1. Counting only residues that are more than 13 Å from A164 (Cα to Cα) and basic (K, R), which one in region 60-80 is modelled with the lowest pLDDT?
2. Would you call K184 surrounded by 13 or more Cβ atoms within 10 Å (Cβ to Cβ) and either within 18 Å of M76 (Cα to Cα) or touching a Lys or Arg at 6+ places or on another chain (Cβ under 7 Å) (or both)?
3. Do we have L57 as assigned to a strand (DSSP E or B), touching a Gly at 6+ places or on another chain (Cβ under 7 Å) and at pLDDT 90 or above here?
4. Here is a check on your reading of the model: is K80 farther than 17 Å from M24 by Cα and within 10 Å of the chain's Cα centre (by Cα)?
5. Just the residues that are part of a helix (DSSP H, G or I) and small (G, A, S), please, taken from region 76-102.
6. Which ones in region 150-160 are surrounded by 11 or more Cβ atoms within 10 Å (Cβ to Cβ) and part of a helix (DSSP H, G or I)?
7. Restricting attention to region 1-25, which residues are part of a loop (DSSP other than H, G, I, E, B), free of Cβ contacts under 8 Å to residues at least 12 places away in the same chain and not small (G, A, S)?
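The values are calculated or read from the model by the stated rules, or taken from the named source; none is laboratory data. The structure displayed is predicted, hence computed values, not measured ones. Backbone-built Cβ (ideal geometry, glycine too); neighbour counts: all protein chains shown.
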Amino acid sequence: MNVKLSEAQKKKPIDGSDGVAAIMQQVLKRENKFSRSQEHFWVVGLNNANKILFIELIALGRQNRVTSNPTDVFRMAIYKLALKMILVHNHPSGELIPSTADRSITDRLIKVGEIINVDVIDHLIISEKSYMSFADVGLIAKMKASDTWRVVEKEEMEMKKMKAEIELKKAMKQNSIDIAKRFKAMGLDDAAIKKGTGLSLAEIKKL
């Protein structure tokens with residue numbers, strides 16, 4: 001589920017963990033009391049200028065556990081051409097010390113990101129009042145230098161296949177948009193353009 005951002009949040013570059021934590025605490029506080037008692041796992045995609053491209057809720061778990069898999073984590077990053085990613089999850093208990101599972105999934109996702117050129121630059125554990133940054137305490141650098149969780153050949157092939165499929169879909173969509181623009185220039189009505197390109201009426205009206 002994509003999280004909506006204000007125009008100011010989209011334009012302002014992220015210059016450290018404080019900025020991301022403040023935004024994500026706002027996102028968490030939008031949830032009702034019951035939802036805030038569950039662990040959430042978000043990914044924040046950044047461009048090369050450290051501006052936020054998207055914030056995506058990947059998984060919603062129990063009070064003390066949430067699971068995520070690399071395919072879900074990186075799909076939007078590939079689609080939106082994100083070059084960097086920040087992982088974020090909350091601890092409803094308020095305890096900010098990373099668990100063994102937190103460390104393991106972070107290490108694994110760092111290694112998967114290396115395959116598709118998406119740099120996992122941080123992982124934040126947040127509560128409503130505070131946060132902990134893996135990068136700030138040196139864990140991200142340590143994990144990048146380690147050989148733990150080096151991705152196996154099967155997983156590497158799956159990620160590369162997913163990336164190729166997403167890129168093909170984007171190319172096909174762009175081709176449909178280009179054709180729709182030409183149809184519009186020729187004076188065809190939106191219904192005919194929809195039939196000829198497969199685009200929705202909402203997409204056609206934006207052209």
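1. Applying the filter and picking the extreme gives R65.
2. Numbers: surrounded by 13 or more Cβ atoms within 10 Å (Cβ to Cβ): yes; either within 18 Å of M76 (Cα to Cα) or touching a Lys or Arg at 6+ places or on another chain (Cβ under 7 Å) (or both): no.
So K184 does not fit the description; no.
3. Considered against the rule, which asks whether it is assigned to a strand (DSSP E or B), touching a Gly at 6+ places or on another chain (Cβ under 7 Å) and at pLDDT 90 or above, L57 comes out as no.
4. yes
5. Answer for region 76-102, where residues must be part of a helix (DSSP H, G or I) and small (G, A, S): A77, A101.
6. Across region 150-160, the qualifying residues are E155, E156, M157, E158, M159, K160.
7. If the condition is that a residue be part of a loop (DSSP other than H, G, I, E, B), free of Cβ contacts under 8 Å to residues at least 12 places away in the same chain and not small (G, A, S), then K4 is the only one that fits.
So that you can scan it fast, the table gives a plain yes or no per residue for (1) part of a helix (DSSP H, G or I); (2) in contact (Cβ under 8 Å) with a residue 40 or more places away in the chain; (3) outside the structural domain of K163 (by TED's automatic domain parsing):
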position: V27; (1), (2), (3): yes, no, yes
position: S104; (1), (2), (3): yes, yes, yes
position: E114; (1), (2), (3): yes, no, yes
position: N117; (1), (2), (3): no, no, yes
position: H123; (1), (2), (3): no, no, yes
position: D136; (1), (2), (3): no, yes, yes
